[in-house]
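This report concerns only the one structure given below.
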Amino acid sequence: MNSIDKIFLGGECKLMNKRNKFFNTFYRGIFYAVAASILIFGDVFNMEETFLYDNIPGYKISFSDEGVDVFNEDYKEIDVANDLSFYETGQKDVKGEVVDFSKLTDIAALRKNFYIVDKKTLMTKDYFDVNKFLNTDLKIKKNGDFPKVLIFHTHSHEMFADSNPNDIFEGIVGAGERLKEKLEEKGIKCIHNTDRFDVVDGKVKIMGAYERMEPTVRKILADNPSIEVVIDLHRDGIDESKKLVKTINGKPTAQIMFFNGICRIVKDGKLEETDGLSNPHVPVNLAFSFNMQAKAKQMFPGFSRGIYLNAYRYSLHMAPKSTLIEMGAQNNTKEEIFNAVDLLAEVIAKVIT
């Protein structure tokens, strides 16, 4: 090797060493920045607010630009309740629970016994007055053979463990049809809308489902002014290690959950109204779910997991007696779901007739 080569290679080695040091410093800086972000902003990466579709037959949906988007233009939604207190599973029949309403005037006791509150909102005494709930008239009018209840599904694609994914009547839509039948057996005429608001061009698209749903529901209500009760029936998504089932009256029965959006969100430590998402019916919405939860406790303890409160509006602003109900989860069987529907029909009938 001649002297010129040595000089050239020596200079190149020095240059490479400088480059290596630069890139080592650069990548180390990125690593520390990412680590610090995770520590400081860990909530940003919290996957509690996701839909668990991976184990649903026929649905392998990724969180990509063309897949499921958890957040909707109208609200931010949590479909999955990860609080372990929801999983009140058991295998024995139990007698009706005695609900002492006098003890529920204390808001802490009320929350403990009836509610799970999402971190985005708060319970306050002005909205959660048990005496007001109990004195709210929730009975439907008996004025002829007209429809009194509307059942629909903002998320019609939701299926169960043994559903045929090609038949929507084996999923949550089938549960809605059975609920209609069971209520009509009790003399409560229903309309069951089976439109697919979460399917666009043949593909599941949750983004915008609530916006697509609203014009249809409003038209049904305008065309049928006798309707007093509006039920948006869903199926929850949970950790596969859990199962929402309880033996009631000797039958394996999926557990349900009542759901309220109260249009109040915590911002900078203060509770504020949600911008552009008003709902004049929140007081009656809350009274309705409270009375159904109380009746479920009295009739079928353990059947309902409770009432989940979130900050946004969902589908509850179009009629006073509106409710969103989660029927079991993706790993419940159709048998467990349909057994639950039969009990739900009894609870609803007790509250509204």
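The values are calculated or read from the model by the stated rules, or taken from the named source; none is laboratory data. In this text, all values refer to a predicted model and were calculated from it rather than measured experimentally. Cβ: placed from backbone, ideal geometry, glycine included. Neighbour counts: every protein chain shown.
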Q) Tell me, which residue of segment 156-174 that is over 17 Å from Met213 (Cβ atoms) and among the small types (Gly, Ala, Ser) is farthest from the chain's Cα centre (by Cα)? A) Ser163
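State yes or no: is Thr274 in contact with a strand residue (DSSP E or B) (Cβ under 8 Å, 6 or more places away or on another chain), modelled with pLDDT under 95 and not small (Gly, Ala, Ser)?
Yes.
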(Q) Just to verify a result, which residue in segment 157-191, among those that are in contact with a Leu (Cβ under 6 Å, 6 or more places away or on another chain) and more than 25 Å from Met207 (Cα to Cα), is surrounded by the most Cβ atoms within 10 Å (Cβ to Cβ)? (A) Cys190
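Just need a number here: residues in segment 215-274 that are assigned to a strand (DSSP E or B) and of a type in the set (S, T, N, Q).
Of segment 215-274, the ones assigned to a strand (DSSP E or B) are 229-236, 245-248, 251-254, 256-261, 264-267, 270-273.
After this cut, where a residue has to be of a type in the set (S, T, N, Q) as well, the list is 247, 253, 260.
So the count comes out to 3.
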Q.
Could you go through segment 140-148 and let me know if any residue there is of a type outside the set (Gly, Ala, Ser), crowded, with 22+ Cβ neighbours inside 10 Å and closer than 24 Å to Asn291 by Cα.
A. yes
Q | Search result, residues across segment 248-271 that are of a type in the set (Lys, Arg) and modelled with pLDDT of 95 or more | A | Lys251, Arg264
Q | Neighbours by Cβ (under 7 Å, 6+ apart or cross-chain): first from segment 307-321, surrounded by fewer than 23 Cβ atoms within 10 Å (Cβ to Cβ); second among the hydroxyl-bearing types (Ser, Thr, Tyr) and outside any loop (DSSP other than H, G, I, E, B) | A | Ile307/Tyr115; Ile307/Ser289
Q) Hey, any hits in segment 89-111 for a residue that's under 29 Å from Lys246 (Cα atoms), at pLDDT 95 or above and under 20 Å from the mean Cα position of the chain (by Cα)? A) yes
(Q) Quick test of your reading of the structure: Asn331 fulfils all but one of (1) in contact with a helix residue (DSSP H, G or I) (Cβ under 9 Å, 6 or more places away or on another chain); (2) within 30 Å of Ser241 (Cβ to Cβ). Name the failing condition by number. (A) (1)
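If we scan segment 217-227, do we find a residue that is touching a residue at least 12 places away in the same chain (Cβ under 8 Å) and either within 30 Å of Thr333 (Cβ to Cβ) or not assigned by TED's automatic domain parsing to the domain that holds Ala175 (or both)?
Narrowing segment 217-227 to residues touching a residue at least 12 places away in the same chain (Cβ under 8 Å): 217-218, 220-221, 224, 226-227.
Those still in the list that are either within 30 Å of Thr333 (Cβ to Cβ) or not assigned by TED's automatic domain parsing to the domain that holds Ala175 (or both) too: 217.
Yes, segment 217-227 has at least one match.
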Q) Ser163 versus (1) within 23 Å of Ile337 (Cβ to Cβ); (2) touching a Phe, Trp or Tyr at 6+ places or on another chain (Cβ under 7 Å): which is the lone unmet condition? A) (2)
